[in-house]
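The values are calculated or read from the model by the stated rules, or taken from the named source; none is laboratory data. Bear in mind that the values here come from a model prediction, so they are computed numbers and not experimental data. Cβ: placed from backbone, ideal geometry, glycine included. Neighbour counts: every protein chain shown. Keep in mind that these areas ignore ligands, DNA and RNA; they rest on the heavy atoms of the full protein, side chains included. Shrake-Rupley method; radii C 1.70, N 1.55, O 1.52, S 1.80 Å.
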Amino acid sequence: MHKVIVLGTGPAGLTAAIYLARANMQPLVIEGPEPGGQLTTTTEVENFPGFPEGIMGPELMENMRKQAERFGAVFKRGWVKKVNLSKRPFQVFLGEEVLESESLILSTGASAKLLQIPGEKENIGRGVSTCATCDGFFFRGKKIVVVGGGDSAMEEATFLTKFATQVTVVHRRNELRASKIMQDRARANEKIKWKMNRTPLEIIAGENGVTGIKVKNNETGETEIIETDGVFVAIGHKPNTDFLEGQVKTDELGYIVVEPGTTRTSVPGVFACGDVQDHVYRQAITAAGTGCMAALDCERFLEGSATHDWSKSL
Ligand code: NAP
């Protein structure tokens with residue numbers, strides 16, 4: 001029987017683990033298929049406070065993991081198939097094993113959706129990115145393509161014009177999905193060009209990274225290659241909540257709903273932090289912040305000093 005199990009090892013889960021371990025709660029931390037989370041797929045992280053020269057994403061995550069281990073967090077590798085939250089202790093089904101815990105911290109993150117086209121996965125970090133805030137700076141004075149027609153694509157395209165000489169939005173339909181205000185802002189930006197009704201087919205790269213993207217014109221069927229130094233894929237994120245099978249309240253996009261200002265979910269004793277409950281900020285530092293909150297909320301819950309049962313008001 002564990003006091004607390006943390007699911008996920010991005011900045012949220014590892015920060016929770018550091019706090020829990022320092023509070024002598026011996027957290028068991030489950031590492032999924034991408035230990036360290038989304039930051040391990042980026043290169044240099046320049047906006048995490050405390051690293052004036054920047055730090056490589058994988059190194060930052062390895063440091064956080066070591067810090068949690070130093071205080072007694074125990075790590076276990078595996079894929080959580082499902083959980084049973086109907087009564088305490090909660091059950092976590094990890095491969096063939098069934099783990100039991102008095103409380104649970106959900107920090108399974110969100111995954112950026114990819115186009116699933118040739119040249120995409122293999123060039124992540126070499127010109128393909130899913131995070132303008134993380135990687136935009138590396139494209140100073142370069143040409144960028146942003147794929148997508150939603151608010152994220154508009155936001156990323158607008159943001160990237162701070163660095164790029166030209167940003168081309170490639171969208172598969174003639175109408176954008178984005179809200180009017182975001183569209184208007186992007187359309188008013190002279191640095192943004194539009195390739196509407198185009199389906200991305202392939203990302204082309206040379207020795208030094210991405211050089212272009214091949215797209216199909218959906219009206220004429222013709223293909224063309226748009227020359228670019230980078231491709232930002234902004235077609236949405238998917239929170240990793242499938243394994244919960246609806247046992248915790250989620251919003252219409254699948255993100256876990258937490259009591260505002262806390263990390264408490266609809267199930268008392270289950271807490272959520274990081275991108276699995278946040279589609280607005282999605283930063284390593286905000287994830288780490290909510291990880292700390294989850295550890296403190298969890299500690300108070302186990303001490304019996306949590307004030308009220310929010311789940312009843314849902
Ligand atoms: P989204 O609204 O789901 O838009 C995804 C876009 O990507 C759509 O235009 C979609 O095309 C396109 N797309 C999806 N799969 C594709 C594929 N395989 N190939 C090519 N294109 C593909 O996602 P989002 O923009 O990330 O926004 C998610 C939520 O967060 C929304 O509720 C949004 O309002 C919110 N958000 C808000 C802000 C803000 O207010 N500042 C910023 C970002 C996000 P179709 O249109 O053809 O389906």
- Query: Taking the alpha carbon gyration tensor of the range 178-255, what are the square roots of 5 times its eigenvalues, largest first, to the nearest whole Å?
  - Reply: 31, 20, 14
- Query: Which shape class applies to the range 1-116: rounded if a/c is under 1.5, otherwise prolate when a/b exceeds b/c and oblate if not, where a ≥ b ≥ c are the square roots of the Cα gyration tensor eigenvalues?
  - Reply: oblate
- What do you get when you divide the Cα radius of gyration of the range 124-175 by 2.2 N^0.38 Å, with N the number of residues? 1.06
- Task: Output the direction-averaged projected area (hull surface divided by four) of the convex hull of the alpha-carbon atoms of the range 248-300, in nm².
- Result: 3.3 nm²
- Rounded to whole Å, sorted largest first: equivalent-ellipsoid semi-axes of the range 83-218, Cα gyration tensor: 37, 19, 15
- Query: Between Cys292 and Val74, 0.36 nm times their residue separation minus their Cα-Cα distance comes to what?
  - Reply: 76.7 nm
- Under the rule that a partner needs its Cβ under 4.7 Å from the first Cβ, which Cys of the chain have none? Cys273, Cys292, Cys298
- Note on the structure: At the level of C-alpha centres, the distance separating the range 51-123 and the range 221-261, in angstrom, is 18 Å
- Task: Evaluate 2.2 N^0.38 Å with N set to the residue count of the chain, then give the Cα radius of gyration divided by it.
- Result: 1.08
- Solvent-accessible surface (1.4 angstrom probe) belonging to Ser107, in square angstrom, nearest 10: 10 Å²
- Query: Past the 27 Å Cα-Cα mark, which pairs from Lys121/Lys180; Lys121/Lys214; Lys191/Lys216?
  - Reply: Lys121/Lys180
- Message: Can you tell me the length gained on complete extension of the stretch Ile285 to Phe51, counting 0.36 nm per residue apart and subtracting the Cα distance?
- Response: 83.0 nm
- Loop GluC sites (Glu not before Pro), the range 89-168 (other Cβ atoms within 10 Å of the site Cβ: 14 or fewer; DSSP): Glu96
- Report the full-extension gain for the segment Thr165 to Asp251: residue separation times 0.36 nm, less the Cα-Cα distance, to one decimal in nm. 27.2 nm
- Percent accessible area from carbon and sulfur atoms, the range 139-266, protein chains only, probe 1.4 Å: 45 percent
- Kyte-Doolittle mean at least 0.5, axial Cα span of 27 Å or more - DSSP H helices of the chain: 284-303
- Note on the structure: In order over the range 97-106: 3J(HN,Hα) from phi, Karplus 6.51/-1.76/1.60, θ = phi - 60°, whole Hz, x for each Gly or Pro, gives 8, 10, 9, 10, 8, 6, 8, 9, 10, 9
- Message: Quick check for you: with a 1.4 Å probe and neighbouring chains kept, what is the accessible area per residue of the range 2-145, in Å²?
- Response: 47 Å²
